[in-house]
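Here is the structure we will look at, set down as structure tokens.
Since every read-out is calculated from the coordinates, none of them should be taken as a lab result. For clarity, every value in this text was computed on a predicted model and none was experimentally measured. Virtual Cβ from ideal backbone geometry, glycine too; neighbours counted across all protein chains shown.
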Amino acid sequence: MTVPQIKVKVQRRPQLKLKMLPKFPASVTGEGGISVTNEGGHYVISPDLGVLGDVTGPGAGASVAGYVALFTGANNIEGLAPGAAGTVLTSDGVGVSFTNITGGYTTTVTAAGTTTLTVASNQSQFFTGATTQTVVLPVASTLTVGHHFFITNDSTGIVTVNSSGGNGVIAIPGGGRGKVTCILASGTTAASWSFETNYIDVTGGKRPAIRNSITFIGTDATSMTFPSTSATVARTDAANTFTGTQTFSALTASSAVATDGSKGLVSVTNTGTGNNVLATSPSLTTPSLGVATATSINGVTLDNNAWTSYTPTVTAQSGSITAYTATGRYKQLGKTVIMQADVTITTVGTATLGMRVTLPFTATAFNFAGTSREIALTGKAGSSNVLASGTVLDARDATGATYFASGAQVVCYVTYEIP
């Protein structure tokens, strides 16, 4: 029987292929740290790495699929790029560690243009310049899930990253960085991508720097400084109450505050105790008020101090008047009413005693007295009385006799209060 031999063949990947020649039915203990045993009809090959020692591959300088494969002692496997030197892959029997992996990078000067990436594009994309740029990611179906790009914006404009279908994925402000990863190897929308950033607002392109102040770096470059202790920030769209001392840089310690014609703050020199005067005497101007067309007092409108006309109703304390004419007018100042009536008796009829004239407003719960006079026949004077809560004025001459007579003309006047 021919003694079995073990041939070792180095594969393109860092592994060993063992081939037994010829086939054998029994267990064999190999040399060089390799033993082969038959366990239940199965041949088990057990290499002893401690005894196996160094396994040398094609050797330094031999090209395997575009890379140089170099196998050294201590069970190390080195993969070297053509023309490069140094260990990049090490097996310690537990895992695989990388000394360093150098990924390719591309630098682009922003020009308000478009940079279209493909599956062959470098992993790191750097942008410099003073304007914006749009980055279009590869078609997701050309990638594998997990394929990612690092995008660094060292320009002063916003770098907008879109999917291959033109959908926004992320907006990176100047000084910002982002990582976009393919999470779905199909589709052309932003749903095929995930992103990570070193700032907050991914749609507006703003990056806040938070210390004792918050500065938004983006299209508007606005900033806001907050106090170093707890406080409430004043709003510009609502009333604010300032409890602390407010300092205005344009004012001096010996100045007060006033407003000028444009409602701006100006400095007013403080002279004397409790007195504030302008450094230059101002010119005083009397404003032109014009003529008031309407004034309201307690809800009552007064128009140029004019009286208001009304038509009173005239009756007799006893009997009835056959025919009369009457005009009235009043002036109201708040709750005070000044009233005047002019009554002419055309045909007296059976009317006698007091002449009663309706008021423009009901009186308050108080009695009021005024005057009256007949000016056509006798010239007699008399009184005009309004009882508490009354609605009429009662007029008669001073002797208590009636004013009623055909052709008589009586003028009545009273001032009273309304509720």
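Can you tell me the dipole magnitude for region 308-417 around its Cα centre, using point charges on the Cβ only (Lys, Arg +1; Asp, Glu -1), in Debye to the nearest 20?
Its charge dipole is roughly 140 debye.
Amide H neighbours of LEU393 under 5 Å, counting only residues 5+ apart in sequence or on other chains, H built in-plane at 1.01 Å?
When sequence neighbours closer than 5 places are left aside, the close amide H contacts are VAL357, THR358, LEU359.
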